[in-house]
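Structure record follows, encoded as structure tokens.
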Amino acid sequence: MSQRGVSTKTHGVLDLATSGTLLAAPGLLGLEKGSRAASVLRMAGGGALAYSMLTDYEFGLVRVLPMRAHLAMDAASGAFLASSPWLLGFAKNGPRYWVPHALMGAGEVLAALTSRTR
């Protein structure tokens with residue numbers, strides 16, 4: 001079996017960039033404060049940042065979460081994020097309400113599938 005391509009260090013950089021992007025996106029996109037679309041992005045960003053800080057990799061502060069569990073959380077979070085506009089009914093509000101969720105969610109799943117566990 002071949003080894004996955006993305007190192008844990010690179011994955012950590014992606015985690016920080018993704019978390020920051022998710023947290024900033026509602027304001028940058030002009031999404032209504034308190035809307036489901038904005039809340040999902042902020043919760044996904046905050047959650048990813050929190051479990052990244054607990055992950056046993058180069059960017060972890062309290063290294064208690066195995067990388068394999070981190071990647072499983074990335075995949076689950078990404079799948080929910082990508083599907084949330086339709087599950088929660090805000091896709092009908094227009095592309096700026098669903099495109100960021102779909103793209104960032106797909107990116108999280110891709111990162112989970114291509115990252116090394118050590």
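Residues Leu113, Leu65, arranged from fewest to most other Cβ atoms within 10 angstrom of their Cβ, appear as Leu113, Leu65. I want the local charge near Pro26. Using Cβ-Cβ distances under 14 Å, sum +1 for each Lys or Arg and -1 for each Asp or Glu among the other residues. Neighbour charge sum, excluding Pro26 itself: +3. In this calculation the C-beta distance from Ala106 to Glu32 is compared with R0 = 41 Å, giving a FRET efficiency of 0.95. Helices in the chain, meaning DSSP H runs of at least 4 residues, each add -39500 (n - 2.57). Divided by all residues, the mean residue ellipticity at 222 nm is -23500 deg cm²/dmol.
The stretch between Glu58 and Thr117, if pulled fully straight at 0.36 nm per residue, gains 20.0 nm over its current Cα-Cα span.
Positive contributions from Lys and Arg (+1) and negative ones from Asp and Glu (-1), summed over other residues with Cβ under 13 Å from the Cβ of Phe59, come out at -1. Just to confirm a number: summing +1 for Lys and Arg and -1 for Asp and Glu over residues other than Ser115 whose beta-carbon lies under 14 angstrom from that of Ser115, what do you get? Net charge around Ser115: 0. Taking 0.36 nm per residue of separation and subtracting the Cα-Cα distance, full extension of the segment from Thr21 to Leu87 would add 21.6 nm. Binning the C-alpha pair distances of the stretch 8-114 at 10 Å intervals from 0 yields a P(r) profile of 16, 50, 26, 8, 0 %, listed from the shortest bin outward. Available extension along the chain between Ala76 and Val99 is 6.5 nm, counting 0.36 nm per residue and deducting the alpha carbon span.
Relative contact order of the chain: 31 percent, from C-alpha pairs under 8 Å at least 6 residues apart in sequence.
The trypsin sites (Lys or Arg not before Pro) of the stretch 1-90 that DSSP puts in a loop, and whose beta carbon has at most 12 other beta carbons within 10 Å, are Lys33.
Taken together, the values in this text are just the output of simple stated rules run on the coordinates, not laboratory data. Only a predicted model underlies this, so the values are computations on that prediction, with no experimental measurement involved. Don't worry about glycine lacking a Cβ; one is built from the backbone with ideal geometry, like all the others, and counts go over all protein chains shown.
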